[in-house]
1. Quick one: go through segment 270-299 and flag any residue whose amide nitrogen is under 14 Å from the point 7 Å out along the Cα-to-Cβ line of Val13.
2. In the neighborhood of Glu84, defined by Cβ-to-Cβ distances under 13 Å, what is the net charge if each Lys or Arg adds +1 and each Asp or Glu adds -1?
3. Kindly sort Leu515, Leu133, Leu233 by accessible area of their heavy atoms, largest first, with the probe set to 1.4 Å.
4. Find the centroid of the Cα atoms in segment 345-377 and in segment 437-492, then give the distance between the two in whole Å.
5. How much solvent-accessible surface does Asp37 expose, in Å² to the nearest 10, with a 1.4 Å probe and all protein chains in place?
6. Ordered by packing density, taken as the mean number of other Cβ atoms within 10 Å over each peptide's residues, highest first, how do 44-55, 300-311 rank?
7. Find, among the GluC sites (Glu not before Pro) in segment 246-295, those assigned to loop by DSSP (not H, G, I, E, B) with at most 12 other beta-carbon atoms within 10 angstrom.
8. Can you work out ³J(HN,Hα) from phi for every residue in segment 402-418, in order, using Karplus 6.51 cos²θ - 1.76 cosθ + 1.60 and θ = phi - 60°, giving whole Hz and x for Gly and Pro?
Amino acid sequence: MVIGANPTDGHPVFASRMKRRLREGAQLIVVDPRRIDLVRSPHIEAAHHLQLRPSTNVAVVNAMAHVVVTEDLVDRDFVTARCEGFDDWAEFVARPENSPEAVEDVTGVPAAELRAAARLYASAPNGAIYYGLGVTEHSQGSTMVMGMANLAMACGNIGRDGVGVNPLRGQNNVQGSCDMGSFPHELPGYRHVSDDAVRTVFENLWGGTLLAEPGLRIPNMFDAAIDGSFRGLFVHGEDIAQSDPNLKHVTAALEAMELVVVQDLFLNETARYAHVFLPGASFLEKDGTFTNAERRINRVRAVMKPKTGKHEWQIVSEIATAMGYPMAYDHPGQIMDEIAAVTPTFTGVSFELLDKLGSVQWPCNEEAPEGTPIMHVDEFVRGKGRFVVTSYVPTSERSTRRFPLVLTTGRILSQYNVGAQTRRTGNVAWHPEDILELHPHDAEDRGIKNGDLVTLASRVGETTLRAEISDRMPTGVVYTTFHHPVTGANVVTTENSDWATNCPEYKVTAVQVGLAAAGS
C-alpha cells in the first residue's frame, strides 16, 4: 500500500524494485488524490486507487481499520502477544462514524472500494505500507503515522520481511540527519534533551553544559526572527527561500536577522539574503556516510578532492574553533567513532566495519554486530506496541467561496526538489517550468484552455504559471510542482503545520485559479 507518495517520480530506485514485484504478482493499493503512474501504466495496474480528498488521510485509515475490526480480520495472536491498548482503540474505530459509508462524503472515496482495499491489505500474507510527504505534510501528519501503525499492528504486519510501515525519505540522507539529532528536541539516537543521563554523556564528551529545553523548529525561528528575539541562522544545504511555505513570511524573517550564513553548492534563492556564503561540496567530493530509509548506513568515498580545498566537515570544525570550541578531526572516520561512542544504536559502527561489509543497518551493537535488517522481530523498542486513538480533525485550511479549490504539490522525475542542481542540466528540456494541472470541469468553469497562463492565488500570496488540463485529480483539486524559483509555488502555501512536528501543510492550500491578465 503506497500512501501519499509518488515513487516513480520521487523515489525512482525504489519504484523500479516495486514495479518488478508488481510484475511478479504482488497486489498494489494506492492512496493518493492524484492518479500517479503506479495506478495505471504499461504492465501495471493497481488493484485499488483510493482517490481521497487532500487532508482526509486519517479518516481513510480509520475507515480501513473499521473494516478490519468489524469484519474480524484482526491478527489476534499478534495483538495479544505483542500489543496493548487494543480494546479502547478497537472500540473507537468500530464506531459507526468511522465506517467507510459514514466518511465517504468527507473523503470522496467510494465505500465499496475502501472496504475492498482494507480486506486485501488485512488478508494478504504480507502487507507493507510505504508512505511519503503526502502523509507527513499535513496538519494531522503525525496522527496519520500513528493510524498506519495501528492498522499494521492490527493485521500483524510488523517485524518480518516484506511488511512494516516504511517512510520514503525525501532526500538521500534525511534518515542520517534525523539519526544524528537534527531535531531540536532530540540528541543523536532519538534521545530527548530533557533526559539528564543522556545530556551527561554529551556534556562529558564535549566539556560543556546542554540545555534541557528543546530548541526552536524552523517555523518558530522565523516567527522569533520577525519578533526580534532570534538574530542568526546557519542554512546548510537547504534553500528555504524557495522550499518553505508562505515565502513572504520566510523572506521577512531572513531580512530581519543580523546574520544569515548559507553553505551550499550554488548561489540559491536563500543566498540573496546571506551575509556570508560558504561553499558546499557535491556527493562526488564527500567522504563519510549516507543513511537511507531502510536504516542502511552506506559508505561514501570522494572521487575527487573538494574544488574549494576543504571538506564541509572541516569548514564546520573551523567555525566552531573560531567561536571558542576547539573541534579538530584528521579524518571523517574519527567523527563516526565519536558517534559510536555516545549513540547506543551505533556502538558497533566504524569505517572499518563498513569497508568490510559494504553497509550495515542500525541498530549495530554488541547484540547485532553486523546490523539489524528487520526491526521489531520479537518485540518493539518500547516493549509492547501501543494502539493510539487517532481522531480525524479536519484541517483549518478550508476551501471557501473566495478560494474554492484545493492545491496539492509534488515532484517530477526530471527535476529534483527545488531544482538547485537539476535546473543546471539538460533536464530543463523535459521540465522547463512548473505547470498547474487542473481538472477539465474546473478549467471549463473558468474559461481556461490547455497552455493558458493562469494566476494561482491563496490567502497569503499569488503566482502565475501555465495550465495543463488533466483528469489525474478529482474535481476541485489542482496540482503543481515547486522546482522553479521563477514560479515560486510556495508563495501561495500557508504556514499551517502538523500539530506535533510543525512540518508545513504543503499538501492542502485553499486557492483560486483564473486566467492571467495580458502581459503577466
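1. The answer is 283-284, 289-299.
2. Around Glu84, the charge tally is +1.
3. I get Leu515, Leu133, Leu233, largest accessible area first.
4. Result: 47 Å between the Cα centres.
5. Accessible area of Asp37: about 60 Å².
6. Ranked by mean Cβ neighbours within 10 Å, highest first: 44-55, 300-311.
7. Numbers: sites: Glu255, Glu258, Glu269, Glu285, Glu294; in loops: Glu258, Glu269, Glu294.
Filter output for segment 246-295: Glu258.
8. Per-residue couplings from phi come out as 6, 10, x, 9, 10, 8, 10, 10, x, 10, 10, 4, 7, 10, 10, 6, 7 Hz.
The values are calculated or read from the model by the stated rules, or taken from the named source; none is laboratory data. In this text, all values refer to a predicted model and were calculated from it rather than measured experimentally. Every residue, glycine as well, gets a Cβ built from its backbone with ideal geometry; the counts of neighbours run over all protein chains shown. Note: accessible area is taken over every heavy atom of the protein model, side chains too, but ligands, DNA and RNA are not part of it. Shrake-Rupley method; radii C 1.70, N 1.55, O 1.52, S 1.80 Å.
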